[in-house]
Amino acid sequence: RLHGVLATATLFSTLGLRPAMGRAFTAEEDTPDAAKVAVISHSLWVRHFSSDSGVVGKTILLDNVPHLIVGVLPSSFRFPDLDLRPDFIVPAAIPDSLGDMSHPMLIVKVIGRMKPGVSLQQAGSDLDTVFQQYLAATHSSFGGFFTGASVHTRLLKTELVGSVRRPLLIIMAAVGFVLLIGCLNIAGLQLARAVQRSQEVGMRSALGAGRLRLLRQLITENLVLSAAGAIGGVAIALVAASLLRAAKLSALPHIAEIRVDLRVLAFAVLITLAAGLFFGLAPALWINRKDPADAIGKGNRSTAGAGHRRMRNFLVVAELAVAVVLLAGAGLLVHSFSRLLAVDPGFDFHNVLTARVSFPMTTLREQEPRFAFRDQVTRELRSLPSVESVGTTTSLPFQPYESSMSVMIEGKPAPPMGMSPFVAVTSISPEYLRVMRVPLISGRGFNESDVHTSTPVAIVNRTFVEHFFSGEEALGKRFRVPAPGPPAPWITIVGVVGVVRNLGLAENVSPEIYRPLTQGRIYDGVTFAIRTTELESTAAALRKIITRVDPTQPVSNVVSVEQLLSESLAARRFNMVALGAFALLALVLAAVGIFGVLSYSVAQRSHEIGVRMALGSDRARVLKLVLREAAWLSVTGSALGIAGALALTRSMSSLLYHTSVFDPLTMIAVAVLLITVGTLAGYVPAHRASRVDPMIVLRAE
């Protein structure tokens with residue numbers, strides 16, 4: 001089964017697209033009576049034609065119709081619609097006149113290139129003017145059906161990245177925060193290191209080393225450390241990119257094609273070197289300004305002043321605050337995701353297998369063979385020991401609706417033409433609601449007597465009743481679908497079912513109509529829904545049954561409804577895991593920062609601690625002394641971080657489900673977590689301080 005796109009010949013010139021081999025089809029070939037041609041994708045050329053350089057001029061059968069291959073698309077080409085990954089493009093061959101509305105409607109997506117200097121608003125206004133002129137000219141043909149319709153334009157870039165732009169920006173911000181925490185760690189550790197090396201630098205200066213020479217040495221050391229970190233980071237990035245490709249995540253478009261290219265590599269290396277140099281420069285300048293005689297005279301008692309300690313503490317508090325922001329963002333996503341998983345989808349999605357069968361336009365054109373195919377496959381599936389029930393539908397849960405249409409309620413004022421509210425429409429077999437275990441609130445389900453010759457009937461969901469019949473009984477009420485031409489027949493409501501979240505757990509439930517498949521038509525295909533105790537064996541049996549019934553009929557999208565649910569949550573899960581990973585890394589870095597600062601502080605205060613213990617202070621008091629400093633740093637960082645999180649996490653509101661960015665439970669949990677980790681990080685230095693032998697310290701002094 002291949003996926004194709006109907007396109008006009010002008011698509012190639014509009015996109016500036018040149019085939020890698022052969023040519024694009026011409027305007028003459030883009031007509032209804034022209035010979036059939038096709039431009040195939042690079043992946044199809046590799047998969048099915050083994051990269052044959054002579055593929056141009058060969059013939060491929062598409063729906064049993066011969067098409068001459070005239071070109072091969074470049075490997076770098078990505079179709080503008082991210083939902084489409086076409087294996088081929090064929091001429092749309094739209095006739096000059098579509099006639100009246102008795103012909104099937106042709107739904108198209110239009111893409112254009114604006115002239116230089118033209119704004120999107122101006123282009124949209126011009127297009128809408130042309131469209132309104134067209135509607136006025138065809139008013140009699142369409143009976144005013146499209147009255148009130150207008151043109152809406154969007155930039156292609158917005159269309160491509162609209163759904164992932166905000167998550168990617170948030171992840172980029174998380175990367176920046178982690179980088180900032182790392183830099184603050186570097187600055188704090190380098191500052192502590194500078195104090196320890198003040199005597200060494202003083203000695204070098206006394207022996208004749210100039211300030212520029214000393215500064216160059218210190219900067220070189222920082223660059224060596226940064227280069228080592230960059231090399232390690234690149235190695236990790238290469239492994240992470242391969243893991244992302246192997247995971248085949250659907251949360252981001254083209255995620256399987258992620259590579260660490262030269263531009264990304266150069267950017268990452270430059271950022272790493274610049275960050276290491278900049279944040280290591282201040283300690284280098286500080287130590288270079290020290291008086292050599294003063295540094296040498298202090299000997300082993302070189303200590304930092306109050307300003308130096310305040311600077312170290314400030315750096316630790318800053319990185320703790322940044323870590324809290326990331327932890328708060330990750331916590332909000334986790335809380336939101338847990339609430340989303342608790343949402344009732346309105347049906348039992350466990351142990352249900354689905355499979356899509358798309359009928360070729362050139363075979364099974366008539367409705368009778370299509371229904372016969374469906375019925376035979378259904379009968380054979382029911383005979384399998386593992387199968388409990390089988391139904392068919394045109395739309396599956398967690399997938400876009402096949403169609404939506406406006407309705408007019410009998411006995412209620414008709415809204416203006418073209419302004420009727422739209423509802424989702426799904427055609428189903430009588431067994432489908434039982435397969436999915438959708439609760440029937442009132443009335444009846446469909447049965448075998450609901451056919452073309454019987455009264456048109458429908459089942460509606462509770463949202464439909466609340467929207468159109470608030471406070472009224474819906475059973476027995478009738479509605480019709482407005483359309484040009486003779487009035488459509490009235491459809492009687494025979495049942496009301498519960499709310500099914502067909503578009504996803506986080507999406508609002510819209511009014512929905514279920515129609516009997518036997519009172520409608522099977523258009524491009526049908527989807528089987530099978531409740532079974534053995535998903536894998538039933539999937540294999542399904543493929544064999546379809547091959548036996550019609551060897552030329554492909555079957556696709558054989559997945560469980562649980563998989564469909566998982567895929568619908570993939571983007572939110574990806575955001576949660578990605579931000580959670582960065583938050584965890586930030587927490588670890590912050591803990592390392594506290595550990596490093598307190599370890600240095602204990603080393604610098606060993607004389608003071610020795611004196612305290614010599615004067616009678618016990619180990620418990622010394623332990624509390626150091627832990628109190630760790631707790632103070634953690635509490636201060638948490639308080640500042642919570643304030644920052646309340647301001648910055650507002651940008652995440654669109655990613656949350658029924659969770660406020662000011663969620664107190666999340667903020668309290670994050671603060672408690674950071675204070676606990678910070679205090680634990682200070683335990684080792686505190687324990688080391690409590691083990692100081694006062695006699696050894698005082699003798700050394």
With 374, 339, 365 as the choices, which residue is at pLDDT 90 or above, open to solvent by 60 Å² or more (accessible area, probe 1.4 Å) and either outside any strand (DSSP E or B) or among the small types (Gly, Ala, Ser) (or both)? 339
(1) loosely packed, with under 13 Cβ neighbours inside 10 Å; (2) touching a Leu at 6+ places or on another chain (Cβ under 9 Å); (3) modelled with pLDDT of 85 or more all hold for residue 108 apart from (3)
How about the stretch 610-701: which helices (runs of 4 or more DSSP H) wholly inside it have at least 2 residues that are buried (at least 18 other Cβ atoms within 10 Å of the Cβ) and at pLDDT 85 or above? 619-648, 664-681
Being outside any strand (DSSP E or B) and either buried (at least 21 other Cβ atoms within 10 Å of the Cβ) or not charged (D, E, K, R) (or both) is the filter here; which residues of the stretch 451-462 pass it? 451, 452, 453, 454, 455, 456
In this structure, is residue 443 open to solvent by 40 Å² or more (accessible area, probe 1.4 Å), touching a residue at least 40 places away in the same chain (Cβ under 8 Å) and more than 23 Å from residue 374 (Cβ to Cβ)? yes
When the stretch 585-596 is checked residue by residue, the ones that are closer than 11 Å to residue 674 by Cα and either open to solvent by 10 Å² or more (accessible area, probe 1.4 Å) or among the hydroxyl-bearing types (Ser, Thr, Tyr) (or both) are 587, 588, 591
Find the residue count for the stretch 377-393, including only residues that are under 35 Å from the mean Cα position of the chain (by Cα) and open to solvent by less than 10 Å² (accessible area, probe 1.4 Å). 4
Filter result (in contact with a strand residue (DSSP E or B) (Cβ under 7 Å, 6 or more places away or on another chain) and acidic (Asp, Glu)) within the stretch 481-516: 512
Restricting to the stretch 402-412, give me the number of residues that are assigned to a loop (DSSP other than H, G, I, E, B) and either buried (at least 17 other Cβ atoms within 10 Å of the Cβ) or among the polar types (S, T, N, Q) (or both). 2
Counting only strands (runs of 3 or more DSSP E) entirely within the stretch 45-91, those with at least 3 residues that are in contact (Cβ under 8 Å) with a residue 40 or more places away in the chain are 65-72, 88-91
With assigned to a strand (DSSP E or B) and closer than 23 Å to residue 387 by Cα as the only criterion, which of 496, 526 stands out? 526
Near pairs, Cβ below 6 angstrom, 6+ apart or cross-chain, from the stretch 654-666 (closer than 16 Å to residue 575 by Cα and touching a residue at least 12 places away in the same chain (Cβ under 8 Å)) to any residue that is open to solvent by 30 Å² or more (accessible area, probe 1.4 Å) and of a type in the set (Ser, Thr, Tyr): 661/653
When every residue in the stretch 521-535 that is touching a strand residue (DSSP E or B) at 6+ places or on another chain (Cβ under 6 Å) and of a type in the set (A, V, I, L, M, F, W, C) is compared, the one surrounded by the most Cβ atoms within 10 Å (Cβ to Cβ) is 530
Flag if residue 6 is under 27 Å from residue 555 (Cβ atoms), surrounded by fewer than 14 Cβ atoms within 10 Å (Cβ to Cβ) and within 37 Å of the chain's Cα centre (by Cα): no
When restricted to 184, 225, 180, the only residue at pLDDT 80 or above, open to solvent by less than 40 Å² (accessible area, probe 1.4 Å), in a helix (DSSP H, G or I) and closer than 22 Å to residue 268 by Cα is 184
Tally time: how many residues in the stretch 133-161 are at pLDDT 75 or above and surrounded by fewer than 14 Cβ atoms within 10 Å (Cβ to Cβ)? 11
Select from the stretch 536-575 the residues that are open to solvent by 30 Å² or more (accessible area, probe 1.4 Å), part of a helix (DSSP H, G or I) and polar (S, T, N, Q) and write down the one among them that is farthest from residue 337 (Cα to Cα). 547
Which one is nearest to residue 439 (Cα to Cα) among residues in the stretch 470-498 that are touching a residue at least 60 places away in the same chain (Cβ under 8 Å) and open to solvent by 30 Å² or more (accessible area, probe 1.4 Å)? 477
Is the stretch 293-314 home to any residue that is closer than 22 Å to residue 596 by Cα, under 33 Å from the mean Cα position of the chain (by Cα) and at pLDDT 65 or above? no
Is at least one residue of the stretch 92-102 more than 28 Å from residue 66 (Cβ to Cβ), modelled with pLDDT of 80 or more and open to solvent by 40 Å² or more (accessible area, probe 1.4 Å)? no
Out of the stretch 27-49, which residues are farther than 15 Å from residue 67 by Cβ and in contact with a helix residue (DSSP H, G or I) (Cβ under 9 Å, 6 or more places away or on another chain)? 27
Residues of the stretch 507-520 satisfying the condition of being open to solvent by less than 10 Å² (accessible area, probe 1.4 Å) and charged (D, E, K, R): 512
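The values are calculated or read from the model by the stated rules, or taken from the named source; none is laboratory data. What you see is a predicted model; the values in this text were computed from it and never measured. Counting neighbours? That spans all protein chains shown, and the Cβs are built from the backbone with ideal geometry, glycine included. When the accessible area is computed, the model is the full protein with side chains, heavy atoms only, and any ligands, DNA or RNA have been set aside. Shrake-Rupley method; radii C 1.70, N 1.55, O 1.52, S 1.80 Å.
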